[in-house]
Amino acid sequence: MEGRIHRQNKEKGQILIFSVYVLLVLCFFSILVFNLGRIIYWRIKVQNVCDNIAQSVGCIRARALNVIGLLNLPLGLILTVPRFVWWPQYQCNSMPIEYHVDGDFAKLAQQTVESIVSFQELVRIYGEWYPYIAAYRMCKENQIDNVLFLDSLSLHLKRDKGDIWYWKTCNIGIHFPPYINIHVPAPEPFDIIKKQNTERWYKRNDKEFGKQSVRVLVYKKLKGLFGKKFFKLRDDPVVYSISEVRCYNKSGPMFPPEEGLKDWIEFKFRREKYNIIKWDIKFGGETGLSAVCEYLFALPGWEAQLVPYNIKAKKK
Amino acid sequence: MIERNVSGQALVEFVFLLPLFIFLLIGTLYIYRAYRTLIHLEEAAQYGIRLIVHNNYTNYRVEEEIRNFLALHNITPEKINIGRPWMDPLSPVTVEIRYKIRFLGRNITLAAKEQSFDDSWIYFPFSNLSYS
């Protein structure tokens, strides 16, 4: 009897030790579940924000390319049409621009061209720099720490440079019926502004223009997770996500090539019999006709689409 | 030493613990349901954003499409907000969907919000072919 009592006393408290172990395991699991829940919540959110930022960056780029291309059209037309109009009269490499009859016409023509060029520059700055601001705002709104762009945000465009001559026109008119007004460029010595190696339309940068994809990395540090001290973790875990967006245009690149313009013109119009393009070839591709044609062929324009991010494909 | 009758002890303990187990089970199911709903809401918001960005749908049409999309998962959203700035190149399009679920007598609102910039601008002549 004594022995049995003694044995019973010895077993006392063993369940306590066992329960302490079990409690520890349970605590561990509950911490794991809480932390896992938070991590999954943030993983979903970070991925969504990353996709949204990538899509936004692509759309902003697409917008900028579309608008710059659209502005290439008037610029190219302004620099092309008068040239072909006056060319039979003045066989020279100048580019007269017929704008208005009286007044300081040459100055006005120059201002028109330069304002279009500067507006294009503004749009280019918008396309290349506004993605940073938009991404920062979207991150802040969704409580994300930071965003990194793994590719250059450059639009890969290059400004064409060459000479432009702005001419003043004279109005030769009959001011009684049948009211005929003819505008002809003034003779060379009078009121002509010669701009050498000045900025003209945008071309594509041949080497870089194909790289129209942007990879975006978004990350967030998860502060205040349970059991950080218990498990002696030094740093907070980081949730990150990568997305890739690609700008594409189904119809064409919208901008004339940087080099080999003459070859491009011949290639583009070999089968199609556009006689007017031969005039451009005569000028060595110096008119804005290539910019005009490329824009018209590239409609309806650029779009942006998320594409699956493939590390292996990038490594190759 | 009087030996105690311990038969039925496990049953009593089980009865004590049963509400806790049931609560845990129901809680898990509710959390599963909430997460599942949230993911569907996110999907629907993304779908709405894509319809605006790529297809240039009108707000009414987008809302209708989102409601149809969520109806497939038996979800009737409480509110759909579509923020679409007109001619504002500095602000994104926003689609926000709200849905209420009841848990322990309380209304919990689940919300999914997606944003993106829109590449189909009004002043770009040919991409603005609206399908509405």
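When A:ARG63, A:ARG43 are screened for being at pLDDT below 95 and within 9 Å of chain B (Cβ to nearest Cβ), only A:ARG63 passes. Among the residues of the stretch B:75-99, those identified as within 17 Å of the chain's Cα centre (by Cα) and surrounded by 17 or more Cβ atoms within 10 Å (Cβ to Cβ) are B:ILE75, B:PRO77, B:ILE80, B:ILE82, B:THR94, B:VAL95, B:GLU96, B:ILE97, B:TYR99. When the stretch B:42-56 is filtered for residues that are over 15 Å from B:LYS113 (Cα atoms) and among the polar types (S, T, N, Q), the ones remaining, listed by number, are B:ASN55, B:ASN56. For the stretch A:127-150, taking the residues that are free of Cβ contacts under 8 Å to residues at least 60 places away in the same chain and over 16 Å from the mean Cα position of the chain (by Cα), the one that is surrounded by the fewest Cβ atoms within 10 Å (Cβ to Cβ) is identified as A:LYS140. When B:ILE39 is tested against (1) surrounded by fewer than 17 Cβ atoms within 10 Å (Cβ to Cβ); (2) more than 11 Å from every other protein chain (Cβ to nearest Cβ); (3) within 23 Å of B:SER116 (Cα to Cα), just one condition goes unmet, and that condition is (2). Consider the stretch A:83-103 and keep the residues that are surrounded by fewer than 23 Cβ atoms within 10 Å (Cβ to Cβ) and modelled with pLDDT of 60 or more. The one that is farthest from A:PRO257 (Cα to Cα) is A:VAL85.
If you go through the stretch B:56-69 one residue at a time, do you hit one that is at pLDDT 95 or above and hydrophobic (A, V, I, L, M, F, W, C)? Checking the stretch B:56-69: at least one residue is at pLDDT 95 or above and hydrophobic (A, V, I, L, M, F, W, C).
Which of the following residues is loosely packed, with under 11 Cβ neighbours inside 10 Å, on the phi < 0 side of the Ramachandran plot and either basic (Lys, Arg) or under 20 Å from the mean Cα position of the chain (by Cα) (or both): B:LEU72, B:LEU51? So that I can check it myself, show each step before the final result.
On the way: B:LEU51 fails: loosely packed, with under 11 Cβ neighbours inside 10 Å.
B:LEU72 is the lone residue from the list that is loosely packed, with under 11 Cβ neighbours inside 10 Å, on the phi < 0 side of the Ramachandran plot and either basic (Lys, Arg) or under 20 Å from the mean Cα position of the chain (by Cα) (or both).
Considering only residues in the stretch B:60-79 that are in contact (Cβ under 8 Å) with a residue 24 or more places away in the chain and either among the aliphatic types (A, V, I, L, M) or in a loop (DSSP other than H, G, I, E, B) (or both), the one that is nearest to B:ARG50 (Cα to Cα) turns out to be B:VAL62.
The values are calculated or read from the model by the stated rules, or taken from the named source; none is laboratory data. Just so it is clear, the structure is predicted and the values come from calculations on it, not from any experiment. Using ideal geometry, Cβ is built from the backbone for each residue, glycine included, and neighbour counts are taken over all protein chains shown.
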